[in-house]
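Asks: Handing you this structure, nothing more for now.
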Amino acid sequence: MQLSRQNLKLFHTPGLELPGKKMFDLPERILQFGTGVLLRALPDYFVDKANRLGIFNGRILVIKSTAVGDASAFEEQDGMYTLRIQGVENGKPVDQRIICSAVSRVVSASAQWDELMKAAASPDLQIVISNTTEVGIQLVKESVFHQPPSSFPGKLLAFLHQRFKIFQGAAVAGMVIIPTELLPENGKKLKNILLELAEYNELDGAFIQWLNDHNHFCSSLVDRIVPGKPDAGTKESLEKEWGYSDELMSVCEPYRLWAIEGDETVQKILSFYSVDDGVVITPDITKYRELKLRMLNATHSLSCGFAWLSGFQTVRDAMEDSLFESYIRNLMMDEIGRAIPFDIKESEVKEFGIKVLDRFRNPYLQHQWLSITMQYSSKLAMRVLPVLNRFYELYQKPPELISMGFAAYILFMRPVKKESDQYFGILNNQYYLINDDRAHHFYGLWDEGTVDQIVINVLSNSKIWGEDLTRHAGFVASVTKKLKGFIRHGTLHEIAAYSNR
(Lines give C-alpha, C1' and ligand atoms only; values in the text may rest on other atoms or scores of the structure.)
Protein backbone atom coordinates (compact mmCIF):
# COMPACT_ATOMS: atom_id res chain seq x y z
CA MET A 1 0.00 0.00 0.00
CA GLN A 2 1.43 3.33 -1.05
CA LEU A 3 1.41 6.54 0.95
CA SER A 4 -1.35 8.71 -0.50
CA ARG A 5 -4.18 10.91 0.68
CA GLN A 6 -6.73 8.26 -0.26
CA ASN A 7 -4.96 5.59 1.81
CA LEU A 8 -4.45 7.66 4.98
CA LYS A 9 -7.67 6.34 6.49
CA LEU A 10 -6.21 2.83 6.32
CA PHE A 11 -3.13 3.67 8.42
CA HIS A 12 -3.35 2.49 12.03
CA THR A 13 0.30 2.19 13.05
CA PRO A 14 0.70 3.19 16.74
CA GLY A 15 2.67 6.41 17.19
CA LEU A 16 2.39 7.49 13.54
CA GLU A 17 1.39 11.18 13.35
CA LEU A 18 -1.09 11.67 10.51
CA PRO A 19 -2.17 14.96 8.92
CA GLY A 20 -5.71 16.21 9.44
CA LYS A 21 -8.11 16.47 6.50
CA LYS A 22 -8.26 20.28 6.70
CA MET A 23 -4.52 20.60 6.07
CA PHE A 24 -4.99 19.61 2.43
CA ASP A 25 -7.31 22.55 1.84
CA LEU A 26 -4.91 25.23 3.05
CA PRO A 27 -3.74 27.82 0.48
CA GLU A 28 -0.24 27.86 -0.99
CA ARG A 29 1.64 30.54 0.93
CA ILE A 30 5.24 29.52 0.25
CA LEU A 31 7.15 29.14 -3.01
CA GLN A 32 10.07 26.76 -2.52
CA PHE A 33 12.93 26.24 -4.96
CA GLY A 34 14.32 22.77 -4.33
CA THR A 35 12.99 19.32 -3.46
CA GLY A 36 15.86 18.09 -1.28
CA VAL A 37 15.73 16.27 2.02
CA LEU A 38 17.07 19.21 4.04
CA LEU A 39 14.17 21.42 3.01
CA ARG A 40 11.69 18.66 3.73
CA ALA A 41 13.20 17.92 7.15
CA LEU A 42 13.59 21.52 8.36
CA PRO A 43 11.59 24.45 6.87
CA ASP A 44 8.81 22.16 5.61
CA TYR A 45 8.77 20.35 8.95
CA PHE A 46 8.26 23.64 10.82
CA VAL A 47 5.45 24.63 8.46
CA ASP A 48 3.77 21.24 8.90
CA LYS A 49 4.06 21.51 12.68
CA ALA A 50 2.50 24.97 12.68
CA ASN A 51 -0.33 23.87 10.38
CA ARG A 52 -1.21 21.05 12.78
CA LEU A 53 -1.56 23.68 15.53
CA GLY A 54 -3.67 25.98 13.35
CA ILE A 55 -1.07 28.77 13.39
CA PHE A 56 0.47 29.28 9.94
CA ASN A 57 -2.24 27.66 7.83
CA GLY A 58 -0.43 27.52 4.52
CA ARG A 59 1.14 24.99 2.18
CA ILE A 60 4.19 24.96 -0.06
CA LEU A 61 4.39 25.10 -3.84
CA VAL A 62 7.69 23.41 -4.68
CA ILE A 63 9.62 24.27 -7.83
CA LYS A 64 11.90 21.58 -9.17
CA SER A 65 14.64 23.86 -10.45
CA THR A 66 16.64 21.44 -12.57
CA ALA A 67 15.73 18.91 -15.24
CA VAL A 68 17.79 16.23 -13.47
CA GLY A 69 15.93 13.64 -11.40
CA ASP A 70 12.33 12.53 -11.10
CA ALA A 71 9.66 14.21 -8.99
CA SER A 72 6.88 11.73 -9.79
CA ALA A 73 6.89 10.38 -6.22
CA PHE A 74 5.55 13.72 -4.96
CA GLU A 75 2.59 13.47 -7.33
CA GLU A 76 1.92 9.82 -6.53
CA GLN A 77 2.06 10.53 -2.79
CA ASP A 78 0.05 13.78 -2.95
CA GLY A 79 3.11 15.71 -1.74
CA MET A 80 3.36 13.72 1.48
CA TYR A 81 6.40 12.00 2.96
CA THR A 82 7.33 10.31 6.21
CA LEU A 83 9.89 11.98 8.42
CA ARG A 84 11.47 9.80 11.08
CA ILE A 85 13.23 11.75 13.82
CA GLN A 86 15.60 9.66 15.92
CA GLY A 87 18.22 10.46 18.50
CA VAL A 88 18.57 11.98 21.93
CA GLU A 89 17.26 15.38 23.00
CA ASN A 90 17.75 16.82 26.49
CA GLY A 91 18.96 13.43 27.66
CA LYS A 92 15.83 11.62 26.48
CA PRO A 93 15.45 9.28 23.51
CA VAL A 94 13.39 10.58 20.61
CA ASP A 95 11.64 8.44 18.00
CA GLN A 96 8.98 10.30 16.04
CA ARG A 97 7.25 9.27 12.82
CA ILE A 98 5.42 12.08 11.11
CA ILE A 99 3.60 12.07 7.78
CA CYS A 100 4.24 15.64 6.64
CA SER A 101 1.70 17.28 4.35
CA ALA A 102 3.06 20.82 4.02
CA VAL A 103 3.94 20.32 0.34
CA SER A 104 0.96 21.04 -1.89
CA ARG A 105 2.47 20.13 -5.26
CA VAL A 106 5.74 20.03 -7.19
CA VAL A 107 6.12 21.92 -10.46
CA SER A 108 8.97 21.34 -12.89
CA ALA A 109 10.53 24.62 -14.01
CA SER A 110 11.68 23.06 -17.27
CA ALA A 111 8.41 21.32 -18.19
CA GLN A 112 5.78 23.47 -16.44
CA TRP A 113 7.12 27.01 -16.58
CA ASP A 114 3.65 28.43 -17.21
CA GLU A 115 2.52 27.07 -13.83
CA LEU A 116 5.15 29.11 -12.04
CA MET A 117 4.14 32.23 -13.95
CA LYS A 118 0.50 31.62 -13.01
CA ALA A 119 1.48 31.29 -9.36
CA ALA A 120 2.89 34.83 -9.48
CA ALA A 121 -0.73 36.04 -9.49
CA SER A 122 -1.54 34.43 -6.13
CA PRO A 123 -2.14 36.99 -3.33
CA ASP A 124 -1.67 34.15 -0.80
CA LEU A 125 1.98 33.63 -1.71
CA GLN A 126 4.14 35.67 0.64
CA ILE A 127 7.32 33.66 1.15
CA VAL A 128 10.12 32.25 -1.01
CA ILE A 129 12.49 29.57 0.31
CA SER A 130 15.40 28.06 -1.58
CA ASN A 131 18.08 25.43 -1.24
CA THR A 132 19.92 24.96 -4.51
CA THR A 133 23.35 24.17 -2.92
CA GLU A 134 26.10 26.76 -2.64
CA VAL A 135 26.63 26.53 -6.41
CA GLY A 136 23.05 27.68 -7.04
CA ILE A 137 23.40 31.27 -5.85
CA GLN A 138 25.61 32.58 -8.62
CA LEU A 139 25.19 35.30 -11.21
CA VAL A 140 24.56 33.93 -14.68
CA LYS A 141 24.16 36.74 -17.16
CA GLU A 142 21.18 35.48 -19.10
CA SER A 143 17.79 36.60 -20.35
CA VAL A 144 15.08 36.16 -17.75
CA PHE A 145 12.59 35.91 -20.62
CA HIS A 146 13.80 32.42 -21.51
CA GLN A 147 11.26 29.79 -20.53
CA PRO A 148 12.85 29.00 -18.16
CA PRO A 149 16.11 30.80 -17.41
CA SER A 150 18.89 28.35 -16.55
CA SER A 151 19.91 29.67 -13.13
CA PHE A 152 17.95 29.80 -9.89
CA PRO A 153 18.38 33.62 -9.58
CA GLY A 154 17.16 33.92 -13.18
CA LYS A 155 14.03 31.89 -12.42
CA LEU A 156 13.33 33.85 -9.24
CA LEU A 157 13.77 37.19 -10.97
CA ALA A 158 11.42 36.13 -13.77
CA PHE A 159 8.80 35.16 -11.16
CA LEU A 160 9.16 38.43 -9.26
CA HIS A 161 9.00 40.49 -12.46
CA GLN A 162 5.80 38.70 -13.46
CA ARG A 163 4.36 39.31 -9.99
CA PHE A 164 5.28 43.00 -10.18
CA LYS A 165 3.42 43.36 -13.48
CA ILE A 166 0.32 41.49 -12.30
CA PHE A 167 -0.01 43.50 -9.08
CA GLN A 168 1.06 46.74 -10.79
CA GLY A 169 3.91 47.31 -8.38
CA ALA A 170 1.81 47.11 -5.21
CA ALA A 171 3.89 47.03 -2.04
CA VAL A 172 1.78 44.20 -0.59
CA ALA A 173 2.88 41.94 -3.45
CA GLY A 174 6.45 41.94 -2.15
CA MET A 175 7.83 38.68 -0.75
CA VAL A 176 9.88 37.51 2.21
CA ILE A 177 12.74 35.69 0.46
CA ILE A 178 14.82 33.28 2.53
CA PRO A 179 17.68 31.39 0.88
CA THR A 180 18.98 28.51 2.99
CA GLU A 181 22.07 27.77 0.91
CA LEU A 182 25.10 27.56 3.15
CA LEU A 183 26.72 30.84 2.15
CA PRO A 184 27.60 33.78 4.39
CA GLU A 185 25.00 36.55 4.03
CA ASN A 186 23.09 34.45 1.52
CA GLY A 187 20.13 36.85 1.56
CA LYS A 188 22.23 39.88 0.70
CA LYS A 189 24.14 37.91 -1.91
CA LEU A 190 20.95 36.76 -3.61
CA LYS A 191 19.49 40.28 -3.57
CA ASN A 192 22.61 41.77 -5.15
CA ILE A 193 22.58 39.11 -7.86
CA LEU A 194 18.93 39.82 -8.67
CA LEU A 195 19.56 43.57 -8.84
CA GLU A 196 22.54 43.06 -11.16
CA LEU A 197 20.60 40.62 -13.30
CA ALA A 198 17.69 43.07 -13.51
CA GLU A 199 20.07 45.75 -14.78
CA TYR A 200 21.57 43.28 -17.27
CA ASN A 201 18.09 42.56 -18.62
CA GLU A 202 17.31 46.29 -18.75
CA LEU A 203 14.19 45.86 -16.63
CA ASP A 204 12.43 49.12 -15.88
CA GLY A 205 13.41 51.29 -12.95
CA ALA A 206 10.01 51.00 -11.26
CA PHE A 207 10.45 47.22 -10.99
CA ILE A 208 13.98 47.56 -9.61
CA GLN A 209 12.69 50.06 -7.05
CA TRP A 210 9.90 47.63 -6.05
CA LEU A 211 12.36 44.74 -5.87
CA ASN A 212 14.65 46.74 -3.62
CA ASP A 213 12.07 48.38 -1.37
CA HIS A 214 9.22 45.90 -0.95
CA ASN A 215 10.89 42.51 -0.82
CA HIS A 216 12.61 41.28 2.34
CA PHE A 217 15.78 39.33 1.58
CA CYS A 218 16.60 37.46 4.79
CA SER A 219 19.93 35.76 5.28
CA SER A 220 19.43 32.45 7.04
CA LEU A 221 21.20 29.41 8.39
CA VAL A 222 19.87 25.86 8.53
CA ASP A 223 21.27 23.15 10.76
CA ARG A 224 19.96 19.61 10.92
CA ILE A 225 21.74 16.42 9.95
CA VAL A 226 19.56 14.76 7.34
CA PRO A 227 21.22 11.71 5.77
CA GLY A 228 18.16 11.32 3.57
CA LYS A 229 16.49 8.15 2.39
CA PRO A 230 17.33 5.02 4.43
CA ASP A 231 19.27 2.24 2.71
CA ALA A 232 17.23 -0.35 0.85
CA GLY A 233 17.22 -2.87 3.70
CA THR A 234 16.16 -0.35 6.34
CA LYS A 235 13.54 1.14 4.02
CA GLU A 236 12.02 -2.29 3.36
CA SER A 237 11.97 -3.09 7.09
CA LEU A 238 10.31 0.21 7.99
CA GLU A 239 7.72 -0.10 5.25
CA LYS A 240 6.85 -3.58 6.49
CA GLU A 241 6.55 -2.27 10.07
CA TRP A 242 4.44 0.73 9.08
CA GLY A 243 2.29 -1.03 6.52
CA TYR A 244 2.85 1.31 3.58
CA SER A 245 5.50 2.26 1.04
CA ASP A 246 7.06 5.72 0.84
CA GLU A 247 9.56 6.71 -1.85
CA LEU A 248 10.23 10.07 -0.12
CA MET A 249 10.90 8.72 3.38
CA SER A 250 13.66 10.60 5.23
CA VAL A 251 15.46 10.17 8.54
CA CYS A 252 16.90 13.04 10.58
CA GLU A 253 18.17 13.93 14.03
CA PRO A 254 16.14 15.75 16.71
CA TYR A 255 18.46 18.80 16.71
CA ARG A 256 17.12 21.58 14.50
CA LEU A 257 17.97 25.21 13.86
CA TRP A 258 16.74 27.70 11.31
CA ALA A 259 18.21 31.09 12.16
CA ILE A 260 16.73 33.92 10.08
CA GLU A 261 17.76 37.56 9.96
CA GLY A 262 14.62 39.63 10.22
CA ASP A 263 12.52 42.17 12.06
CA GLU A 264 9.00 42.20 13.48
CA THR A 265 7.48 42.40 9.99
CA VAL A 266 9.26 39.20 9.01
CA GLN A 267 8.21 37.55 12.27
CA LYS A 268 4.57 38.36 11.56
CA ILE A 269 4.68 36.80 8.10
CA LEU A 270 6.67 33.77 9.28
CA SER A 271 4.18 32.99 12.02
CA PHE A 272 5.28 29.34 12.07
CA TYR A 273 8.41 30.45 13.98
CA SER A 274 6.38 30.58 17.20
CA VAL A 275 5.71 26.82 17.37
CA ASP A 276 9.31 25.63 17.72
CA ASP A 277 12.39 26.94 19.51
CA GLY A 278 14.41 25.71 16.55
CA VAL A 279 13.31 28.74 14.53
CA VAL A 280 15.17 31.90 15.56
CA ILE A 281 14.38 35.27 13.97
CA THR A 282 16.90 37.92 14.99
CA PRO A 283 18.58 40.99 13.46
CA ASP A 284 22.02 39.28 13.33
CA ILE A 285 22.64 35.54 12.82
CA THR A 286 26.42 35.75 12.44
CA LYS A 287 27.19 33.85 15.64
CA TYR A 288 24.87 30.99 14.73
CA ARG A 289 26.25 30.85 11.21
CA GLU A 290 29.90 30.81 12.23
CA LEU A 291 29.47 28.11 14.86
CA LYS A 292 27.59 25.83 12.49
CA LEU A 293 29.59 26.63 9.37
CA ARG A 294 32.95 26.03 11.03
CA MET A 295 32.44 23.51 13.82
CA LEU A 296 30.04 21.21 11.99
CA ASN A 297 30.35 21.86 8.26
CA ALA A 298 34.08 22.58 8.07
CA THR A 299 34.73 19.48 10.17
CA HIS A 300 32.53 17.42 7.83
CA SER A 301 34.28 18.82 4.75
CA LEU A 302 37.80 18.19 6.04
CA SER A 303 36.87 14.68 7.18
CA CYS A 304 34.66 13.34 4.37
CA GLY A 305 37.23 12.26 1.78
CA PHE A 306 39.65 11.32 4.57
CA ALA A 307 37.10 9.01 6.21
CA TRP A 308 36.08 7.49 2.87
CA LEU A 309 39.69 6.71 1.97
CA SER A 310 40.12 5.21 5.44
CA GLY A 311 37.35 2.69 4.77
CA PHE A 312 34.48 4.28 6.70
CA GLN A 313 31.12 4.41 4.95
CA THR A 314 29.22 6.57 7.44
CA VAL A 315 29.89 9.26 10.01
CA ARG A 316 28.78 6.86 12.73
CA ASP A 317 31.32 4.24 11.55
CA ALA A 318 34.14 6.79 11.82
CA MET A 319 33.02 7.96 15.26
CA GLU A 320 33.07 4.37 16.52
CA ASP A 321 36.74 4.08 15.55
CA SER A 322 38.81 5.55 18.38
CA LEU A 323 41.60 6.68 16.08
CA PHE A 324 39.47 8.51 13.55
CA GLU A 325 37.21 9.86 16.29
CA SER A 326 40.26 11.48 17.84
CA TYR A 327 41.08 13.13 14.50
CA ILE A 328 37.57 14.57 14.17
CA ARG A 329 37.45 15.71 17.80
CA ASN A 330 40.89 17.32 17.82
CA LEU A 331 40.37 18.90 14.41
CA MET A 332 37.15 20.51 15.58
CA MET A 333 38.13 21.56 19.09
CA ASP A 334 41.86 22.31 18.77
CA GLU A 335 42.18 23.86 15.32
CA ILE A 336 38.82 24.93 13.87
CA GLY A 337 37.36 26.05 17.21
CA ARG A 338 40.41 28.21 17.96
CA ALA A 339 40.35 29.96 14.59
CA ILE A 340 36.69 30.81 13.95
CA PRO A 341 36.81 34.20 12.16
CA PHE A 342 34.32 35.83 14.53
CA ASP A 343 34.41 36.87 18.16
CA ILE A 344 32.66 34.07 20.06
CA LYS A 345 33.21 33.13 23.68
CA GLU A 346 35.43 30.10 24.16
CA SER A 347 32.79 28.51 26.40
CA GLU A 348 30.16 28.83 23.64
CA VAL A 349 32.50 27.26 21.10
CA LYS A 350 33.24 24.35 23.45
CA GLU A 351 29.57 23.82 24.31
CA PHE A 352 28.58 23.83 20.63
CA GLY A 353 31.43 21.47 19.74
CA ILE A 354 30.36 18.93 22.36
CA LYS A 355 26.82 18.97 20.92
CA VAL A 356 28.15 18.44 17.41
CA LEU A 357 30.25 15.47 18.48
CA ASP A 358 27.18 13.93 20.15
CA ARG A 359 25.23 14.50 16.93
CA PHE A 360 27.95 12.78 14.92
CA ARG A 361 27.64 9.80 17.28
CA ASN A 362 23.87 9.47 16.79
CA PRO A 363 23.41 5.70 16.45
CA TYR A 364 20.28 6.07 14.32
CA LEU A 365 21.78 8.09 11.48
CA GLN A 366 23.54 6.52 8.52
CA HIS A 367 25.10 9.69 7.11
CA GLN A 368 27.18 8.59 4.11
CA TRP A 369 30.63 10.16 3.83
CA LEU A 370 30.50 9.86 0.05
CA SER A 371 27.37 12.01 -0.10
CA ILE A 372 29.14 14.65 2.01
CA THR A 373 31.89 14.86 -0.64
CA MET A 374 29.41 16.40 -3.11
CA GLN A 375 30.87 19.72 -4.33
CA TYR A 376 33.91 18.99 -2.15
CA SER A 377 36.02 21.85 -3.57
CA SER A 378 33.50 24.66 -3.17
CA LYS A 379 32.64 23.49 0.34
CA LEU A 380 36.29 23.53 1.41
CA ALA A 381 36.74 26.97 -0.12
CA MET A 382 33.73 28.46 1.60
CA ARG A 383 33.81 26.62 4.92
CA VAL A 384 37.49 26.05 5.64
CA LEU A 385 39.58 28.79 3.99
CA PRO A 386 38.45 31.54 6.40
CA VAL A 387 39.48 29.27 9.28
CA LEU A 388 42.84 28.50 7.65
CA ASN A 389 43.53 32.19 7.07
CA ARG A 390 42.55 33.06 10.63
CA PHE A 391 44.73 30.25 12.02
CA TYR A 392 47.74 31.72 10.24
CA GLU A 393 46.91 35.20 11.54
CA LEU A 394 46.87 33.86 15.10
CA TYR A 395 49.65 31.27 15.10
CA GLN A 396 51.81 31.82 11.96
CA LYS A 397 52.20 28.09 11.34
CA PRO A 398 50.39 25.37 9.38
CA PRO A 399 47.52 23.62 11.22
CA GLU A 400 48.50 19.96 11.20
CA LEU A 401 45.02 18.41 11.18
CA ILE A 402 43.62 20.82 8.61
CA SER A 403 46.67 19.98 6.47
CA MET A 404 45.72 16.31 6.73
CA GLY A 405 42.24 17.17 5.52
CA PHE A 406 43.63 18.96 2.47
CA ALA A 407 45.98 16.05 1.71
CA ALA A 408 43.04 13.64 1.84
CA TYR A 409 41.05 15.96 -0.44
CA ILE A 410 43.82 15.93 -3.07
CA LEU A 411 44.03 12.13 -2.91
CA PHE A 412 40.25 11.67 -3.08
CA MET A 413 40.04 14.03 -6.07
CA ARG A 414 42.36 11.86 -8.15
CA PRO A 415 40.28 10.82 -11.21
CA VAL A 416 41.30 7.58 -12.86
CA LYS A 417 38.37 7.38 -15.25
CA LYS A 418 36.13 9.76 -17.17
CA GLU A 419 32.72 8.89 -18.63
CA SER A 420 30.94 11.67 -20.48
CA ASP A 421 31.24 14.58 -18.04
CA GLN A 422 31.65 12.44 -14.94
CA TYR A 423 34.92 11.65 -13.17
CA PHE A 424 35.66 8.62 -11.02
CA GLY A 425 38.26 7.78 -8.43
CA ILE A 426 39.11 4.26 -7.30
CA LEU A 427 39.41 2.66 -3.85
CA ASN A 428 39.96 -1.04 -3.21
CA ASN A 429 39.34 -1.76 -6.92
CA GLN A 430 35.93 -0.05 -6.77
CA TYR A 431 35.15 3.14 -8.66
CA TYR A 432 33.48 6.05 -6.85
CA LEU A 433 31.96 9.18 -8.35
CA ILE A 434 33.80 12.46 -7.79
CA ASN A 435 30.70 14.63 -7.65
CA ASP A 436 32.42 18.00 -7.93
CA ASP A 437 32.14 20.77 -10.51
CA ARG A 438 35.91 21.30 -10.28
CA ALA A 439 36.90 17.68 -10.84
CA HIS A 440 38.17 18.50 -14.34
CA HIS A 441 41.04 20.47 -12.80
CA PHE A 442 42.40 17.18 -11.44
CA TYR A 443 42.00 15.01 -14.52
CA GLY A 444 45.44 14.10 -15.83
CA LEU A 445 47.17 15.98 -13.01
CA TRP A 446 48.75 12.81 -11.62
CA ASP A 447 49.96 11.50 -14.99
CA GLU A 448 53.08 13.60 -15.22
CA GLY A 449 53.74 15.57 -12.04
CA THR A 450 55.43 14.51 -8.80
CA VAL A 451 53.49 14.62 -5.52
CA ASP A 452 55.33 17.84 -4.65
CA GLN A 453 54.27 19.49 -7.90
CA ILE A 454 50.71 18.19 -7.66
CA VAL A 455 50.25 19.80 -4.24
CA ILE A 456 51.63 23.11 -5.49
CA ASN A 457 49.39 22.98 -8.58
CA VAL A 458 46.28 22.32 -6.51
CA LEU A 459 46.94 24.77 -3.67
CA SER A 460 47.92 27.57 -6.04
CA ASN A 461 44.90 27.14 -8.32
CA SER A 462 42.85 30.30 -7.80
CA LYS A 463 40.08 28.85 -9.99
CA ILE A 464 39.44 26.35 -7.20
CA TRP A 465 40.09 28.54 -4.16
CA GLY A 466 39.74 32.13 -5.31
CA GLU A 467 43.21 32.73 -3.88
CA ASP A 468 46.70 31.21 -3.79
CA LEU A 469 47.05 28.97 -0.72
CA THR A 470 50.79 28.52 -1.26
CA ARG A 471 51.25 31.99 0.24
CA HIS A 472 50.87 30.47 3.71
CA ALA A 473 54.34 29.65 5.01
CA GLY A 474 54.84 25.92 5.47
CA PHE A 475 51.38 24.89 4.25
CA VAL A 476 52.59 23.29 1.02
CA ALA A 477 55.25 21.32 2.89
CA SER A 478 52.78 20.20 5.55
CA VAL A 479 50.17 19.01 3.03
CA THR A 480 52.83 17.35 0.85
CA LYS A 481 54.33 15.41 3.76
CA LYS A 482 50.93 14.09 4.77
CA LEU A 483 49.91 13.19 1.23
CA LYS A 484 53.13 11.20 0.77
CA GLY A 485 52.43 9.45 4.07
CA PHE A 486 48.92 8.51 2.92
CA ILE A 487 50.30 7.05 -0.29
CA ARG A 488 53.09 5.09 1.41
CA HIS A 489 51.45 3.94 4.63
CA GLY A 490 47.71 4.59 4.43
CA THR A 491 45.56 7.26 6.00
CA LEU A 492 45.02 5.74 9.44
CA HIS A 493 48.77 5.22 9.88
CA GLU A 494 49.27 8.98 9.56
CA ILE A 495 46.63 9.71 12.21
CA ALA A 496 48.29 7.21 14.54
CA ALA A 497 51.70 8.75 13.90
CA TYR A 498 50.34 12.20 14.74
CA SER A 499 48.59 10.94 17.88
CA ASN A 500 51.77 9.24 19.12
CA ARG A 501 53.99 12.29 18.77
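Asks: List, in the order given, every pair from Lys350/Lys397; Lys287/Lys350; Lys64/Lys417; Lys155/Lys287 whose Cα-Cα distance in the structure shown is over 25 Å.
Replies: Lys64/Lys417; Lys155/Lys287
Asks: So, one more: Hey, what number do you get for the chain at 222 nm if only DSSP H runs of n ≥ 4 count, each worth -39500 (n - 2.57), divided across all residues, to the nearest 500?
Replies: -11500 deg cm²/dmol
Asks: Can you tell me the accessible area per residue over the chain, all protein chains present, probe 1.4 angstrom, in square angstrom?
Replies: 43
Asks: Could you tell me the relative contact order of the stretch 133-234? Use alpha-carbon pairs under 8 Å, at least six residues apart, and round to a whole percent.
Replies: The normalised contact order for the stretch 133-234 reaches 31 percent.
Asks: Expressed as a whole number of Å, what is the distance separating the alpha-carbon centroids of the stretch 359-392 and the stretch 231-283?
Replies: 21
Asks: Another one. Using only Cα atoms, what Kirkwood radius does the stretch 212-276 have, in angstroms?
Replies: 15.0
Asks: Quote the charge dipole size of the stretch 325-468 about the Cα centre in Debye, to the nearest 20; the model charges only the Cβ of Lys and Arg (+1) and of Asp and Glu (-1).
Replies: Once rounded to the nearest 20, the dipole reads 340 debye.
Asks: I would also like to ask the following. Please list, by residue number, every one of the GluC sites (Glu not before Pro) in the stretch 171-237 that is coil in DSSP and has at most 14 other beta-carbon atoms within 10 Å.
Replies: Answer in residue order: Glu202.
Asks: Counting DSSP beta bridges in the chain, what percent are antiparallel, to the nearest 5?
Replies: Percentage antiparallel, nearest 5: 45.
Asks: Here is a further query. What relative contact order, as a whole-number percentage, does the stretch 190-344 give when Cα pairs under 8 Å and 6 or more residues apart are counted?
Replies: Normalised by residue count, the contact order of the stretch 190-344 is 18 percent.
Asks: Dividing the Cα convex hull volume of the stretch 190-306 by residue count, how many Å³ per residue is that?
Replies: With only Cα atoms used, the stretch 190-306 gives 202 Å³ per residue.
Asks: Have a look at the chain and give its Rg and Dmax from the Cα atoms, expressed in angstrom.
Replies: For the chain, the Cα-based Rg and Dmax read 23.3, 70 Å.
Asks: Here's something else I'd like to know. Measure off, as a whole percent, the carbon and sulfur share of the 1.4 Å-probe accessible area of the stretch 141-278, all protein chains present.
Replies: Of the solvent-accessible surface of the stretch 141-278, carbon and sulfur hold 46 percent.
Asks: Net charge near Met1, counting Lys/Arg +1 and Asp/Glu -1 over other residues with Cβ under 12 Å of its Cβ?
Replies: Here the count lands on 0.
Asks: Still on this structure, please answer the following. With charges only on Cβ, +1 for K and R and -1 for D and E, what is the dipole size of the chain about its Cα centre, in debye, rounded to 20?
Replies: Roughly 480 debye for the chain.
Asks: Counting Lys and Arg as +1 and Asp and Glu as -1, what is the net charge of the other residues whose Cβ lies under 10 Å from the Cβ of Gly154?
Replies: +1
Asks: Give, as a single signed number, the net charge of other residues whose beta carbon lies under 12 Å from the beta carbon of Gln422, with Lys and Arg counted +1 and Asp and Glu -1.
Replies: Local net charge: -2.
Asks: Now for a different question. With a 1.4 Å probe and all protein chains left in place, how much of the accessible area of the stretch 293-371 comes from carbon and sulfur atoms, in whole percent?
Replies: Of the solvent-accessible surface of the stretch 293-371, carbon and sulfur hold 47 percent.
Asks: Counting only protein heavy atoms and using a 1.4 Å probe, what share of the accessible area of the stretch 10-84 belongs to carbon plus sulfur, as a whole percent?
Replies: Exposed carbon and sulfur together represent 56 percent of the surface.
Asks: Something else about it: Placing one identical point scatterer on every Cα of the stretch 86-221 and ignoring solvent, what is log10 I(q)/I(0) from the Debye formula at q = 0.09, 0.10, 0.14, 0.22 Å⁻¹?
Replies: Debye output, listed in q order: -0.31, -0.38, -0.67, -1.50.
Asks: Once you order the gyration tensor axes a ≥ b ≥ c over the Cα atoms, which shape class does the stretch 244-295 get: rounded for a/c under 1.5, otherwise prolate or oblate by comparing a/b with b/c?
Replies: Oblate, because a/c is 1.5 or more while a/b does not exceed b/c.
Asks: Given a cut-off of under 8 Å on Cα pairs at least six residues apart, what relative contact order in percent is computed for the chain?
Replies: Relative contact order here is 12 percent.
Asks: Taking square-rooted eigenvalues a ≥ b ≥ c of the alpha carbon gyration tensor, is the stretch 1-104 rounded, prolate or oblate, where a/c under 1.5 means rounded and, failing that, a/b exceeding b/c means prolate?
Replies: Verdict is rounded for the stretch 1-104.
Asks: Taking a ≥ b ≥ c as the square roots of the Cα gyration tensor eigenvalues, with a/c under 1.5 meaning rounded and otherwise prolate when a/b beats b/c, else oblate, which class fits the stretch 23-68?
Replies: Oblate shape, in that a/c is at least 1.5 and b/c is the bigger or equal ratio.
Asks: Just to be sure I follow: if Rg is taken over the C-alpha atoms of the stretch 394-501 and Rh is the Kirkwood radius over the same atoms, what is Rg/Rh?
Replies: Rounded to two decimals, Rg/Rh equals 0.98.
Asks: Counting other C-beta atoms within 10 Å, and keeping those with at most 11, which DSSP coil trypsin sites (Lys or Arg not before Pro) do you find in the stretch 52-148?
Replies: Here the trypsin sites (Lys or Arg not before Pro) that fit, given the DSSP loop and packing criteria, are Lys141.
Asks: May I ask for the Kirkwood hydrodynamic radius of the stretch 50-132, worked out over all distinct Cα pairs and given in angstroms to one decimal?
Replies: 15.1
The values are calculated or read from the model by the stated rules, or taken from the named source; none is laboratory data. Treat the numbers as computed from the prediction; the structure is a model and nothing was measured. All Cβ positions, even for glycine, are placed from backbone atoms using ideal geometry, and neighbour counts span all protein chains on display. The area values use the complete protein model at the heavy-atom level, side chains included, leaving out ligands, DNA and RNA. Shrake-Rupley method; radii C 1.70, N 1.55, O 1.52, S 1.80 Å.
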